[in-house]
Amino acid sequence: MTPRYFKLTDDVTLPGRWELGTPVDALGQAHGSWLFMQGTPARVEGALHVPSYARGRALDFSLADAGAVPVVSQRVAEVLSRLAPGDVELFPVTMDDTPAPYFLVNVVRVMKCIDDTASGEVRYWMPEDGRPERVGTYQAVHRLRIDPARAGDAKVFRTWGWLIALIVSEDIKLALEAIEATGVQFKDVSPLR
C-alpha cells in the first residue's frame with residue numbers, strides 16, 4: 001500500500017483563537033522564518049518568546065511569523081519527538097497567553113518529492129524573473145501532490161524548492177487526531193487514486 005502524506009496547516013477559521021507573531025530572543029532579536037524554514041538545524045542562544053499579536057484561545061498547533069513557523073503544545077511535541085525524532089528540532093518557548101510549555105518546531109528534513117505532473121500547476125523561477133538566487137526553485141505550486149517514493153522514510157518534512165509546505169506522514173496525522181490536537185488542519189497531498 002502506498003504511504004499517504006498530508007500538508008499540515010494552521011486552522012485559521014477557529015473563532016477566538018490566538019494569532020502568533022515572530023519569535024524573539026531575550027534581547028528582542030527576531031528569529032523567524034529566515035532561520036526556521038531552511039530545513040537545516042538551527043542554532044539559538046538563550047530562551048525564545050513568541051508574542052501574540054491577537055490574544056485568544058491557546059492552540060496545540062499554530063503557525064507563528066505570518067504562517068511560517070510551527071509552535072506546538074507539549075502534547076504535540078511529545079508526538080513529534082516520539083514518531084519523528086530525526087526530522088524535527090524542538091525549542092522551548094514562552095508565550096503571552098499561557099504558562100503551559102510550548103515549543104517552536106524546526107523541521108530539519110527537506111525532500112525533493114513534489115510531483116510536477118500530478119500537481120495542478122507548478123511554475124519555476126526563471127533567469128528573466130530577476131531573482132538569480134531562486135532560479136530552478138518553485139515560484140508557485142497549486143494543488144500540491146508529492147511522490148511518496150521520493151519521500152523516503154521522512155515523517156515530517158518540507159518540500160525542496162517550496163519550503164512553505166509542511167508535510168506529515170499518515171501516522172503523524174493519526175497520532176495528532178488521536179490526542180485531539182487543536183489548530184491542526186490536514187490536506188491530502190498523496191497521489192490521486
Item checked: Top-ranked residue in segment 180-193 [being in contact (Cβ under 8 Å) with a residue 60 or more places away in the chain and farther than 13 Å from Leu59 by Cα; ranked as surrounded by the most Cβ atoms within 10 Å (Cβ to Cβ)] -> Val189
Next item on the list: Within segment 65-82, work out how many residues are over 15 Å from Val156 (Cβ atoms) and modelled with pLDDT of 95 or more.
Entry: 3
Next item on the list: Please enumerate the residues belonging to segment 105-121 that are among the β-branched types (Val, Ile, Thr) and buried (at least 20 other Cβ atoms within 10 Å of the Cβ).
Entry: Val105, Val107, Ile114
Notebook entry, point to check: Can you pull out the helices (runs of 4 or more DSSP H) entirely within segment 6-104 that have at least 3 residues that are surrounded by fewer than 21 Cβ atoms within 10 Å (Cβ to Cβ)?
Noted result: 33-36, 74-83
Checklist line | Subset of segment 119-154 [farther than 14 Å from Asp188 by Cα, in contact (Cβ under 8 Å) with a residue 24 or more places away in the chain and of a type in the set (Lys, Arg)] | finding: Arg150
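The values are calculated or read from the model by the stated rules, or taken from the named source; none is laboratory data. Not measured: the values here are computed from a predicted model. No Cβ is skipped: glycine too gets one built from the backbone with ideal geometry, and neighbour counts run over all protein chains shown.
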